1. Using only the Cα atoms of the protein assembly as shown, build the gyration tensor, take square roots of its eigenvalues as a ≥ b ≥ c, and label the shape rounded, prolate or oblate: rounded if a/c is under 1.5, else prolate if a/b is larger than b/c, else oblate.
2. Return the average number of partner chain Cβ atoms within 10 angstrom of each residue Cβ along peptide A:43-54.
3. Measure nothing but the geometry: give the 0 to 90° angle between the long axis through the Cα atoms of A:7-27 and the longest principal axis through the Cα atoms of chain A, rounded to 10°.
4. For peptide A:98-107, how many partner chain Cβ atoms fall within 10 Å of a residue's Cβ, on average?
5. When Cβ neighbours within 10 Å are restricted to other protein chains, what is their mean count per residue of peptide B:418-427?
6. Roughly what % of DSSP beta bridges within the protein assembly as shown run antiparallel, to the nearest 5?
7. Please compute the contact order of region B:96-153 in relative form: average sequence separation of alpha-carbon pairs under 8 Å and at least six residues apart, divided by the residue count, as a percent.
8. Once you compute Rg and the Kirkwood Rh from C-alpha atoms, what is the Rg to Rh ratio for region B:284-329?
Amino acid sequence: MVKPSSSSSSTSQDALALINSLRSAYSATPTTLKIIDLYVGFAVSTAIIQVVYMALVGSFPFNSFLSGILSCIGTAVLAVCLRIQVNKENKEFKDLAPERAFADFVLCNLVLHLVIMNFLG
Amino acid sequence: MLKLLAFLTLSLPFLTHSFSPDHPTDRRVLVLLDDLAIKSSHSLFFKTLQSRGFELDFKLADDPKIGLQRYGQYTYDALILFSPTVDRFGGSIDLAAILDFVDTGHDLIIAADTNASDLIRQISVECGVDFDEDPSAMVIDHMSYAVSDTEGDHTLIASDDFIKSDVILGSKKIEAPVLFKGIGHTINSENSLVLKVLSASPSAYSANPKSKLSSPPLLIGSAISLVSVVQARNNARVLISGSLSMFSDRFFRSEVQKAGSADKHEKSANEQFLTELSKWVFHERGHLKAVNVRHHKIDEADEPAIYRINDDVEYSVEIYEWHGKSWEPYVADDVQVQFYMMSPYVLKTLSTDKKGHYFTAFKVPDVYGVFQFKVEYDRLGYTSVSLSKQIPVRPFRHNEYDRFIPAAYPYYGAAFTMMTGFFIFTVVHLYNK
């Protein structure tokens, strides 16, 4: 590989190196956490799609829009909380069993979706 | 005998012709005179009334037996006061009785003259008309007097300054001037119900013609009204004239030439003017009635007890004008209906089929509450039409909203996707060990 001469190519080289290191570091993450990350990404992208849709057609059934978007945000937030609690490297929650964390997650989701269904119509 | 009595009692309402909502022209008229000679000296005016079917009852103003009502019922539909000098009426008639008579919707013609009594002035003031306070004053006009053989003092005025209203003065144009000799009056500017029908010319003034003018006259120019009419809020009509002689046969027959004008008219316009005006005062013209006020939803025939917001409503009313003998369709393009709750939410001009039927359709506003359909129609010379009908408007019921809104399908989809996602995630998370 030729040594970069200009500063812009050196910046892109650095960025490439950064991404490569991030990818290698992330590949060491446990599969459980990767699944949670995928789930969060899915929820956030659904929320973004709805915001774009609302900007296009207007905010008429505003309660439906709010419940749609809040269900996505709420799901993402709850999933992130679960991820914090089941992460083995997080010493703060080392006394909390992952089963207990998951039970909390399920209960919160049930409450969230109950509220969302009531507010949707 | 008993049968006959019963028949008479039952048929009595149909035998008497009197003022009624269905037949608004007056029938029985009481004429109060200073002097029975007026009956013959003003016979032409009385004859025009009698030929139109009025029953005139001539009485001296101080006759002790006269009265407007008997057993609480008015025995007359209209009153003509040709008694300018009377200080006290005989019988039970006084200022309050005459005002009550007008307040109950009856009509009145007052002819004052120089030396008009305080009683006549008081009645006029109550109608919104102030006669010149100087008892000997007359309207003098050195520019538009009526030319006569003797030069005179120019108190015989030829006036042609009429109100521009076909309904008050009839559709036929008045060509000749009207002769007037008497006292002038002003109308109270705060009283919107009084109308100047015949005004003096700008060069007229009101003063005593026999004495020299020592100070500027108080009433001058076209502020002086010679003949005025009042239509009260209850549609009672009052005619006030400052001259009794303008009703006389002599003035009716007299030829007239206005000073400074070359054309000489065979006959003054007094007869035409006063006949047309008396038709108006006695409700032979300009009397409107509104019937068959209906409203309903479009495509329905029955009137509902309540409307819902955003309903489509049709409103219709029939308006007729009384023409002395029959009700004719009233034709106008400016009748409006309001859908009113504290302020008009909807104001629409009604369409008409030229046969008296007025109709329109509109959408009930997106506001609920107690509304009124209102028609407030006030036009110069016509009786006022004031209709209001109350109707409540309710919001949508819970089951009247759309269950699913197409625009919200993406949001529904997102919410259910999140639930499915949660379920799949749970399975994956639990079994991925």
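Nothing in this text is a laboratory measurement; each read-out follows from the coordinates by a stated rule. Remember, it's a predicted structure, so these values are computed and weren't measured experimentally. Glycine gets a Cβ as well: all are built from the backbone with ideal geometry, and neighbour counts include every protein chain shown.
1. Working: a/c = 4.63, a/b = 2.99, b/c = 1.55.
Taking the square roots of the gyration eigenvalues as a ≥ b ≥ c, the protein assembly as shown is prolate.
2. 3
3. Rounded to the nearest ten degrees, it is 60.
4. For this peptide, the per-residue mean of nearby foreign Cβ atoms is 1.
5. Values: counts 16, 8, 0, 8, 12, 1, 1, 11, 4, 0.
Partner Cβ neighbours, averaged per residue: 6.
6. 75 percent
7. 26 percent
8. 1.20
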